1. Express in Å², to the nearest 10, the accessible area of F315 obtained by rolling a 1.4 Å probe over the protein heavy atoms while all chains stay in place.
2. Percent of accessible area on the range 60-352 owned by carbon and sulfur, 1.4 Å probe?
3. Measure out, as a whole number of angstrom, how far apart the alpha-carbon centroids of the range 266-321 and the range 120-167 sit.
4. For Cα pairs less than 8 Å apart in space and 6+ apart in sequence, what is the mean separation divided by the residue count of the chain, i.e. the relative contact order in percent?
5. With every protein chain present, what accessible area does S336 have (1.4 Å probe, heavy atoms only), rounded to the nearest 10 Å²?
6. Using a 1.4 angstrom probe with every protein chain in place, what is the largest-first accessible-area order of R428, R82?
7. Restricting to the range 60-352, what percent of DSSP beta bridges are antiparallel, rounded to 5?
8. What accessible area per residue comes out for the chain, rounded to a whole number of Å², with a 1.4 Å probe?
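The values are calculated or read from the model by the stated rules, or taken from the named source; none is laboratory data. For clarity, every value in this text was computed on a predicted model and none was experimentally measured. SASA here: full protein model, heavy atoms, side chains in, ligands and nucleic acids out. Shrake-Rupley method; radii C 1.70, N 1.55, O 1.52, S 1.80 Å.
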Amino acid sequence: MSTEIRIVGASVVPHPGAVLAHAEIALSPSSGLITYLGPIRGPAGPVDVDARDRIVAPGLVNAHTHAAMTLLRGHSDDVPLREWLTAIRAFELRMTFEDIRAGLGLAMVEMIRSGTIGFVDMHLWDGTLLADVCAAGMRVRAAPAVFGYDAVAYPGATPETGAQVLDRTPDLAAEFAGEDLVRVSYGPHAPYSCGPGLLGDVASRAAVNGLGVHIHLSETRAEVDESIDRHGISPIALAGRLGLFALRTHVAHAVHPRPGDHQLLAAPGITVSHNPISNLKLGAGIAPIADYRTAGVALALGSDSVASNNAADLFQEIKIGTLLQRGAHHDPGVQSGLEALAMATSGGAAALADRLPGRLGVGEPADLVMVDTTAPSATPMTDPRSFLAFAATGADVTDVFIAGRRVLEDRRLTTLDEQAIRADVGERVRRIRTELGLPLFG
Ligand SMILES: [Zn+2]
């Protein structure tokens with residue numbers, strides 16, 4: 001039996017700076033690593049993958065999401081953030097543990113299908129849910145969400161308070177310490193929900209336990225103004241003062257930095273997820289991504305939850321994120337498609353896990369996607385990277401390998417039962433919307 005899978009004949013984009021035409025890339029399912037990348041070595045064998053009509057590229061990373069919230073897709077589409085949070089909360093209060101689990105399952109179906117190999121997430125996380133991610137074969141950096149010491153975040157699922165979540169977060173990390181696919185971080189939601197005392201406590205705990213932190217910062221102008229009124233400084237500066245930037249902290253949004261915030265976010269180990277569609281949908285604003293790049297901030301791309309998106313297709317973020325910067329700056333040179341691809345691959349990988357490169361090379365993890373090039377939107381194939389940055393969608397993805405495991409094979413999921421998951425989610429959403437007195441369609 002072959003110890004290698006050879007993917008033969010594709011245009012391989014090992015990173016946004018290069019294209020190898022008519023190339024071969026091989027991987028070892030047992031080690032999960034790439035074993036060869038270069039010209040086609042010889043006649044393809046019967047077990048090899050014919051990839052003549054495919055681009056092979058690094059897998060995409062969703063650097064900020066709340067995956068389980070797929071059940072809230074289309075719930076409260078047209079209101080600003082604070083009002084939206086209230087509407088979302090009413091729904092979330094009714095979600096049982098199994099509802100959350102079903103939502104996570106649907107999110108993984110959607111993410112794998114659209115070429116995402118891993119996600120950085122903040123929500124309810126425990127051993128059962130992390131085991132589900134491992135069984136699906138995805139990578140995750142999971143942050144059990146905390147909204148205050150006494151706040152019960154998901155009362156329909158668990159009575160545990162924020163204090164209890166903080167106490168068990170290192171235990172969850174220890175439980176999955178030997179699992180290469182999983183990282184666990186602390187998940188204080190935001191300064192305005194948690195307060196400075198809790199954030200300082202998290203910084204101390206994270207330093208002691210060697211864990212990272214995932215937090216929302218400076219998403220809206222109102223949040224920044226409120227922080228300045230209350231604490232005299234921006235949410236980003238407050239997080240810095242409380243010690244969060246001496247850690248491996250991952251920041252979601254950072255739409256409205258104040259002077260000096262850019263430099264704080266450029267500290268070593270800090271990563272920032274830009275979530276352009278979520279920021280647009282909630283009317284939060286446009287993050288100064290070009291300024292962050294100049295300041296040396298490590299940038300990634302995220303969808304945020306589908307409740308504020310309403311999809312989890314990183315190709316949309318790549319395109320819209322780039323166009324948004326160009327429109328805001330009146331300058332098509334302010335962000336290239338290649339820079340956006342780097343944010344979605346190597347940038348996201350840096351946010352997901354230490355030493356994960358997000359690029360294809362011999363000896364690196366076999367986290368890769370295959371993208372169909374036979375669609376009209378892929379014709380003519382002037383440059384595969386141009387297609388990936390500006391024309392491709394998640395629907396063009398045919399195959400996904402994560403750590404050498406083929407989790408999507410010719411558009412068929414190998415680790416998740418898509419039909420069953422979709423039917424289950426439909427039932428659950430019908431129940432909750434009925435309880436809330438909301439209309440049902442279909
Ligand atoms: Zn978020």
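1. 10 Å²
2. Accessible surface attributable to carbon and sulfur in the range 60-352 totals 55 percent.
3. Rounded to whole Å, the Cα centres lie 23 Å apart.
4. That works out to 21 percent.
5. Solvent-accessible area, nearest 10 Å²: 40 Å².
6. Listed by decreasing accessible area, they come as R82, R428.
7. Of those bridges, close to 0 percent are antiparallel.
8. 38 Å²
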